[in-house]
Amino acid sequence: MDFSFTPEEEKFRDELRTWLEVNLPAGWIEGTYVMPEEDAAKGAFLREWQHKLSEGGWAGISWPKEYGGRGASLIEEVIYEQEMARVKAPPVLNIIGTAMVGPTLLQIGTDKQKEQYIHKILNGEEIWCQGYSEPSAGSDLAAIQTRAVKQGENWIINGQKTWTSYAHFADRCFVLARTEDTGKKHEGITAFLVDIHQEGVERQTIRSINDKRDFNEMFFDNAVVHESDIVGEVNDGWRVGLILLSHERVGVARQTFRLQKLFEELLDLTKNLKRNGRPLIQDPIVRQKLAGFRAETRALLLNYYRHLTETIRNGRPGPEGSIDKLNSSELSQRILSFAISLQGESSLLWKEDALVSPSWQQDYLRAYAHTIEGGTSEIQKNIIAERILGLPKDIKY
Amino acid sequence: MDFSFTPEEEKFRDELRTWLEVNLPAGWIEGTYVMPEEDAAKGAFLREWQHKLSEGGWAGISWPKEYGGRGASLIEEVIYEQEMARVKAPPVLNIIGTAMVGPTLLQIGTDKQKEQYIHKILNGEEIWCQGYSEPSAGSDLAAIQTRAVKQGENWIINGQKTWTSYAHFADRCFVLARTEDTGKKHEGITAFLVDIHQEGVERQTIRSINDKRDFNEMFFDNAVVHESDIVGEVNDGWRVGLILLSHERVGVARQTFRLQKLFEELLDLTKNLKRNGRPLIQDPIVRQKLAGFRAETRALLLNYYRHLTETIRNGRPGPEGSIDKLNSSELSQRILSFAISLQGESSLLWKEDALVSPSWQQDYLRAYAHTIEGGTSEIQKNIIAERILGLPKDIKY
Amino acid sequence: MDFLLNEEQQTFQSSARQLITSKGDLNLSRRYTEGEEGILTELWTELGELGYLGINISEQYGGLGMGALTLVPVLEEIGRAVLPGPYAETMAFATPLLEAYGTPEQKQKYLSEIAAGKRKISIALLEESIDFHPATIQLEAKEVDEGYIVTGKKLLVPNADVADTLIVPVRTGGGHGEYGISLLLVDREDVEWKIERLKNLDETRNVCNVTFDHVHIAKEQLLGTKNIAWGILQEGLVYLNAALCSTMVGGIEKVVEMSTEHGNTRMQFGQPIGRFQAIKHRIVDMKLALEGSRSLTYYAAWAVENRPEEMIEAVSLAKSYTSESYVKVSGDNIQNHGGLGFTWEFDCHLFLKRARALENYLGSPSEHREKVAEELGW
Amino acid sequence: MDFLLNEEQQTFQSSARQLITSKGDLNLSRRYTEGEEGILTELWTELGELGYLGINISEQYGGLGMGALTLVPVLEEIGRAVLPGPYAETMAFATPLLEAYGTPEQKQKYLSEIAAGKRKISIALLEESIDFHPATIQLEAKEVDEGYIVTGKKLLVPNADVADTLIVPVRTGGGHGEYGISLLLVDREDVEWKIERLKNLDETRNVCNVTFDHVHIAKEQLLGTKNIAWGILQEGLVYLNAALCSTMVGGIEKVVEMSTEHGNTRMQFGQPIGRFQAIKHRIVDMKLALEGSRSLTYYAAWAVENRPEEMIEAVSLAKSYTSESYVKVSGDNIQNHGGLGFTWEFDCHLFLKRARALENYLGSPSEHREKVAEELGW
């Protein structure tokens, strides 16, 4: 066992740190600068951050050097997530492009696709979103009802996608649509690269319970896509979708590191808040809870390192990522819920009237989605049961 | 709402209390007299107690007066359970006979059956047990594989039953056996009254994790039963079994009342045990746990009263009994587990070396069966989901 | 032995539900949060007309002269629809205290107006420290010839923006102990108070900071005896906590129904999701929380009316159990609904936010558990 | 970055498992509890022959000269089979203390014999109060010319009936504080002690009360410095707690496997019961507990060897988390097995009982949590 990083890895970390110090908005790390709320300003802010990342060479670090990436190792990717979590870096607007669509096109895209899209993904000129989920295809991912029909050289898409992050700031969308009915739901799906600046595509933001609008519904009404914008083969889209997901090499690294920091923030909260004149951290009941959460956040991190070691040894990530995903999402809910309880009667104040920092209330509400998005906790449990433990699959219906 | 009892009901209670004071073994209530462990002595003790109950008219209180019962009302039955729980009365050896087989025969038995069995059930002359569970028919109650084949006026039974309480002290057994294969597992079952003092029946006690031997496996190897000992019609045994169970009118009354007392015992434990020189009850963490358990035991009792009120208003018990069963079994496990933890390094001492009283360790281990016997917690949840909430049934396989 | 609502109480429950449903159910709250504050006045008038605002008010003041227990069904319905407005504070705090300690003039005025749906009352309790013990009550009420001059601030006052009257614990004597605390009835029509409406998660229930700047309160507005009102206040808070529990039970019940409905109708993998035991058994756990909350809460309400010697324990047991259940269950309801539950447009979050708002209001769950311990002499 | 056992450690694990399996796995414990105490000596000899008793003993005494981390795989296997005997006490308490504080003569004698499988060592810690702080150590060791006269009683000493040596904290000075505590090595071949074997749930691990009646201990038997051994004792207990965690991880792992196996094979309603999400997801929760326990425990063992500044926190985190997990998971395993799990003949209960025995041994989960808080300066 060895928890150290090589000098090269530390150099990579230092370089990133230095870059972040220079490039993060003034006051970001201290928490005095807050990301704008209003759509236009927020979009501008995110584009600007994307632009900086691209310029600095921090947008697609795992991309090959010849395409403008850094050819980062797995450990470097982990360090990247660690540093980004440390400063609670702003969200990456083009994450779908840089982390998934780009690498997928590099792997299986046509020359034309590479030429047309790759460069603009990395430099942030074109923002991508993804169209997987549909109102009827939530946990049942493959139950896609959006249809594409061939018409000459084009395909005509009709249907509805939902929960597409940042679609309202995006230019293009990776869409899975049904192109044939074989009766088997994983068959007959095709992957399209769709220009969403067209008449046939409408976007509508979804207001979330934390009063944010980061997700969208997308409506396709005779949207047009040229056949050259099909990724892989027609009717082979399910496999293409899996390839896309396989580029998520570091799993829930960011959330895992974020939770380490969250625990420190919780600790500060208990040091600063008082009940009956005494800091909460002196309350034996609170101390028990804190030590319990400390154990769980450490277990999360150490599990992550153990699974990472397995990934390194095996050359690719195994299903253990589901364990980390499940743990991190459930734990974040419990820690944040506890942090809310600690704030007593003031816990319900939010936004500019929040007792301590509005991020507690925001993050708390946002955490309710953690156990839903990216595969619900129930789905993760099925994956762990079936793929790790070898328990029977659910009845196939 | 009204939590009082009528003068008649209180008179019933007083009569029982007085009787118990006279008839319980000396030192029983104080806990200085402990039931013998060894089989023969235990059997004798239980027979003696059964005999006393029968003589005192406390063996089958809900039986009609003409058959020697008291025709007790539902509330009187509840009071009976309450008083028995209060003194932690010894188990009733012939409970299967008095609470289930007897009432069933009175309801649907033949005249011959009534004449032959009823009297000896109530007076404790013949002890009954029940043969429902089988090694392959646990939660899947109807998956009975024990078979009975007609041979002249007799039926020949082959198979195995398990988890029959006190079968080693019993004389007769209510047995469900398969008499026809229709392909539907609830069909083709017949209910038999079997004399178990015959060559074709063997009994073997099961040693439980608490080192007790109260349950049995029963092996039927060409056991013989006369056709006059069939209850109800041939192949109608599943319905007969349900009738038998329906005589359980007061649900988990005894356990519910027992838990109220258990909580008081837990309280005493925290008053008497010290850590670092201070009674545990002064530890804020322990106080929180205690108040939490207090809420749960009160909720259990009040739920019970609410469901009882519904039973009285509707004339018969509904599926809410499953809520009480689930809650009481799970809660008893948690309370007892906590009581063990409180005993620190000494918690593992048991039997005559137990730190406080051996009953803590015994009851703790015994409680692991509470969530299994009489329908597992998982089965109770299905019943609550399907029969109370109206959620979909599990897939039928 | 009878532990269910009686027929009359059941009738109250179903007619309250009918009224609220007919007026739009959860849409009432929605509209209120979107600025249609007039619906509250309208609702109040109708509640008054149907007698729901006079349940526990003496008949001589236009009420029905019933006990706290009969409030239970109406409180449940209020909570079920996450309705705005200080119903619990008015009926379960102001009303019983006025009945018990009000002067004949106060009773005449306030109780009649409450029963008629013309007066909503809230309570302005907290000050700089959000702790709750005598030392924290420091709002100065300086005695002058004709009454009191009140100066200072009360924090996190629920529904202060819609209340017609605030009951305000003030300090008229002593320093930091129980002695010296008095209750004042402060009416909107008589005096000015400055309200700062705070942004809070539960937009169906506004909380405000209230500032009194040399406000003159007539001495007739004293509720109970001067300087020794701490005990009265405590008594009122027990009643109010019991009532809050009933509103939470109503919310929990609705949430269980929502999850059940969704479990029966939402299809995934070709099955209603309520067939999957992960969902199915979770809804059962929610139902168990409902059963326990309702039983403890019924009993607390019954004890308030019939067993003063058990009342404090019963209410604190109910509050700790029910408020934690409500938070848990309303969160589970979001999970059961998946993405839908995370949207503002769908109703799941209304319950979670109300649960959070009530969780620590007038004592956190662990404070109530400690109170049980003290009350039982542990 | 590398957080897994290395190849050598993995080899230790698989060969230890092979040995234990070949000798009967859980049947070893069964036979031991049924009176065949000879199997322990036999097992110990074989463990010695394979080097498992010399892992962390210097090569000059016949050991392998490795660190505490390399004990982990063997400890896991010991726990997996719920084996009897003081392996953890011998290897993770006595050995490191002897290595660090033993005289050359002590090292020569004890370490060589441990490595050869000829000496099992346990620790006799508790006295009348089962609390654990300096004041509770009152066993008097009166200094005489050639050594100490020890009189009194130690309680709940694990494996005292099979240990060849007990390490006994005694009081050689002071009153109730840390000063005055010394450690004595007490050998069965030299002195007599009276053993009262106690009835305890975990019959695979006997605990005894040990009485010393004017027992004379030679002064060469003092381990470390007289009067100031409290710190040494604390250090040893940290090592021992880390080792206990590894044995628990082994037990948890086995329990998860048992439930998985049963879930795949036990049929009810025409299906393997592991298809029902109630069972399936519960086994997943058990697996999660295993993962967390193993990670925290690996890290604790690594910190013992590599990060003394984090060691105390790491071990207490691991102990609190792992011991609670073990109790939970071994109980769930019974539930998953239904009636079968409730029988003495089936193995489920062995794990539950071992979990209970270790839960509070050398600090309860909540005491360890409080220790974390203190260690981190909260």
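Quick one: how many residues across the range D:5-39 are open to solvent by less than 30 Å² (accessible area, probe 1.4 Å), more than 15 Å from residue D:77 (Cα to Cα) and of a type outside the set (Lys, Arg)?
2
In the range B:124-133, the residue that is surrounded by the fewest Cβ atoms within 10 Å (Cβ to Cβ) out of those that are assigned to a strand (DSSP E or B) and touching a Leu at 6+ places or on another chain (Cβ under 9 Å) is B:130.
Filter the range D:163-180 for residues that are in a loop (DSSP other than H, G, I, E, B) and among the hydroxyl-bearing types (Ser, Thr, Tyr); which is farthest from residue D:207 (Cα to Cα)?
Taking the range D:163-180 as the starting set, the residues that turn out to be in a loop (DSSP other than H, G, I, E, B) are D:163-164, D:172-180.
Those left that are additionally among the hydroxyl-bearing types (Ser, Thr, Tyr): D:172, D:179.
Details: D:172: 26, D:179: 28 Å.
Selected residue: D:179.
Within the range D:294-312, if we keep just the residues that are facing another protein chain (nearest Cβ under 8 Å) and open to solvent by less than 20 Å² (accessible area, probe 1.4 Å), the residue that is farthest from residue D:253 (Cα to Cα) turns out to be D:302. Among residues of the range C:328-353 being open to solvent by less than 10 Å² (accessible area, probe 1.4 Å) and among the β-branched types (Val, Ile, Thr), the one that is nearest to the other protein chains (Cβ to nearest Cβ) is C:334. Which of the residues that make up the range D:192-226 are outside any strand (DSSP E or B) and crowded, with 16+ Cβ neighbours inside 10 Å? Those that are outside any strand (DSSP E or B) and crowded, with 16+ Cβ neighbours inside 10 Å: D:193, D:199, D:201, D:202, D:203, D:204, D:205, D:206, D:221, D:224, D:226. When the test is whether a residue is more than 8 Å from chain A (Cβ to nearest Cβ) and within 27 Å of residue A:305 (Cβ to Cβ), residue D:289 passes it.
Suppose we filter C:338, C:251, C:274 for residues that are within 18 Å of the chain's Cα centre (by Cα), modelled with pLDDT of 95 or more and small (Gly, Ala, Ser); which single one remains?
Checking each option against the conditions leaves just C:251.
Take the residues in the range A:365-375 that are at the interface with another protein chain (Cβ under 7 Å from one of its Cβ atoms) and outside any loop (DSSP other than H, G, I, E, B); name whichever of them is most open to solvent (accessible area, probe 1.4 Å). Steps first, please.
Filtering the range A:365-375 down to residues at the interface with another protein chain (Cβ under 7 Å from one of its Cβ atoms) leaves A:368-369, A:371-372.
This time we only want the ones that are outside any loop (DSSP other than H, G, I, E, B), so: A:368-369.
Working: A:368: 25, A:369: 6 Å².
Only one residue fits best here, namely A:368.
Matching residues to (1) more than 28 Å from residue B:118 (Cβ to Cβ); (2) surrounded by 13 or more Cβ atoms within 10 Å (Cβ to Cβ):
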site	(1), (2)
B:6	yes, no
B:9	no, yes
B:14	yes, no
B:29	yes, yes
B:43	no, yes
B:54	no, yes
B:57	no, yes
B:63	no, yes
B:70	no, yes
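On the given criteria, is residue B:299 within 10 Å of chain C (Cβ to nearest Cβ), assigned to a helix (DSSP H, G or I) and without any contact (Cβ under 8 Å) to a residue 12 or more places away in the chain?
Working: within 10 Å of chain C (Cβ to nearest Cβ): yes; assigned to a helix (DSSP H, G or I): yes; without any contact (Cβ under 8 Å) to a residue 12 or more places away in the chain: no.
The answer is no for residue B:299.
Just to be sure I understand the filter: pairs with C-beta atoms under 9 Å, separated by 6 or more residues or on different chains, first member in the range D:354-378 and away from chain A (no Cβ under 13 Å), second member of a type in the set (Phe, Trp, Tyr) and not in a loop (DSSP other than H, G, I, E, B). Which pairs pass? As it stands, the answer is D:354/D:326; D:355/D:326; D:356/B:364; D:356/D:326; D:358/D:326; D:359/D:326, since those pairs meet every condition given.
Cβ-Cβ distances below 9 Å connect the following pairs, each with a first residue in the range A:361-375 that is within 18 Å of residue A:324 (Cα to Cα), a second residue that is open to solvent by 10 Å² or more (accessible area, probe 1.4 Å) and of a type in the set (A, V, I, L, M), and a separation of six or more residues or different chains: A:374/A:252; A:375/A:141; A:375/A:383. The number of residues in the range B:355-364 being open to solvent by less than 20 Å² (accessible area, probe 1.4 Å) and either in contact with a strand residue (DSSP E or B) (Cβ under 8 Å, 6 or more places away or on another chain) or not assigned by TED's automatic domain parsing to the domain that holds residue B:261 (or both) comes to 1.
Scanning the range B:331-364 for residues that are touching a Phe, Trp or Tyr at 6+ places or on another chain (Cβ under 8 Å) and part of a loop (DSSP other than H, G, I, E, B) yields B:343, B:354. When the criteria are applied in full, residue C:317 meets the requirement of being closer than 23 Å to residue C:5 by Cβ, facing another protein chain (nearest Cβ under 7 Å) and touching a residue at least 12 places away in the same chain (Cβ under 8 Å). Going by what's in this entry, would residue B:20 be described as open to solvent by 20 Å² or more (accessible area, probe 1.4 Å), under 29 Å from residue B:6 (Cα atoms), touching a residue at least 24 places away in the same chain (Cβ under 8 Å) and not aromatic (Phe, Trp, Tyr)? When the stated conditions are applied, residue B:20 does not pass them. What's the total number of residues in the range C:108-121 that are surrounded by fewer than 19 Cβ atoms within 10 Å (Cβ to Cβ) and outside any helix (DSSP H, G or I)? Going through the range C:108-121 one residue at a time, the tally reaches 2.
Within the range D:273-284, the set of residues being facing chain A (nearest Cβ under 8 Å) and either touching a Gly at 6+ places or on another chain (Cβ under 6 Å) or of a type outside the set (Lys, Arg) (or both) comprises D:274, D:277, D:280, D:281, D:283, D:284.
If you check D:46, D:42, D:105, D:89, which single one turns out to be buried (at least 19 other Cβ atoms within 10 Å of the Cβ) and not in a loop (DSSP other than H, G, I, E, B)? Give the derivation first.
Numbers: D:46 fails: buried (at least 19 other Cβ atoms within 10 Å of the Cβ); D:42 fails: buried (at least 19 other Cβ atoms within 10 Å of the Cβ); D:105 fails: buried (at least 19 other Cβ atoms within 10 Å of the Cβ).
One residue alone meets the criteria, D:89.
Residue C:323 satisfies every condition listed in (1) open to solvent by less than 10 Å² (accessible area, probe 1.4 Å); (2) touching a Ser or Thr at 6+ places or on another chain (Cβ under 9 Å); (3) more than 13 Å from chain B (Cβ to nearest Cβ) except (3).
Among the listed residues D:361, D:299, identify the single one that is assigned to a helix (DSSP H, G or I) and closer than 30 Å to residue A:283 by Cα. Only one candidate qualifies: D:299. Which condition number in (1) in contact (Cβ under 8 Å) with a residue 12 or more places away in the chain; (2) open to solvent by 40 Å² or more (accessible area, probe 1.4 Å); (3) closer than 28 Å to residue C:359 by Cβ is the one that residue A:317 fails? With respect to (1) in contact (Cβ under 8 Å) with a residue 12 or more places away in the chain; (2) open to solvent by 40 Å² or more (accessible area, probe 1.4 Å); (3) closer than 28 Å to residue C:359 by Cβ, residue A:317 is out only on (3).
Criterion first (surrounded by fewer than 21 Cβ atoms within 10 Å (Cβ to Cβ) and closer than 22 Å to residue B:84 by Cα) does residue B:278 satisfy it? Please lay out each step first, then the result.
Values: surrounded by fewer than 21 Cβ atoms within 10 Å (Cβ to Cβ): yes; closer than 22 Å to residue B:84 by Cα: no.
Here the answer is no, as residue B:278 does not meet what is asked.
Mind telling me which of the residues B:378, B:386, B:352, B:330 ends up being open to solvent by 10 Å² or more (accessible area, probe 1.4 Å) and in contact (Cβ under 8 Å) with a residue 60 or more places away in the chain? Only one candidate passes the filter, namely B:378.
Flag: residue B:145 matches the condition of being over 26 Å from residue B:98 (Cβ atoms) and either without any contact (Cβ under 8 Å) to a residue 40 or more places away in the chain or open to solvent by 20 Å² or more (accessible area, probe 1.4 Å) (or both). Among the residues of the range C:122-134, those identified as more than 9 Å from chain A (Cβ to nearest Cβ) and either crowded, with 23+ Cβ neighbours inside 10 Å or free of Cβ contacts under 8 Å to residues at least 60 places away in the same chain (or both) are C:122, C:123, C:124, C:125, C:127, C:128.
The values are calculated or read from the model by the stated rules, or taken from the named source; none is laboratory data. Owing to the predicted nature of the structure, the values given are computational and were not obtained by experimental measurement. All Cβ positions, even for glycine, are placed from backbone atoms using ideal geometry, and neighbour counts span all protein chains on display. Areas reflect the complete protein model, heavy atoms only, side chains present, ligands, DNA and RNA absent. Shrake-Rupley method; radii C 1.70, N 1.55, O 1.52, S 1.80 Å.
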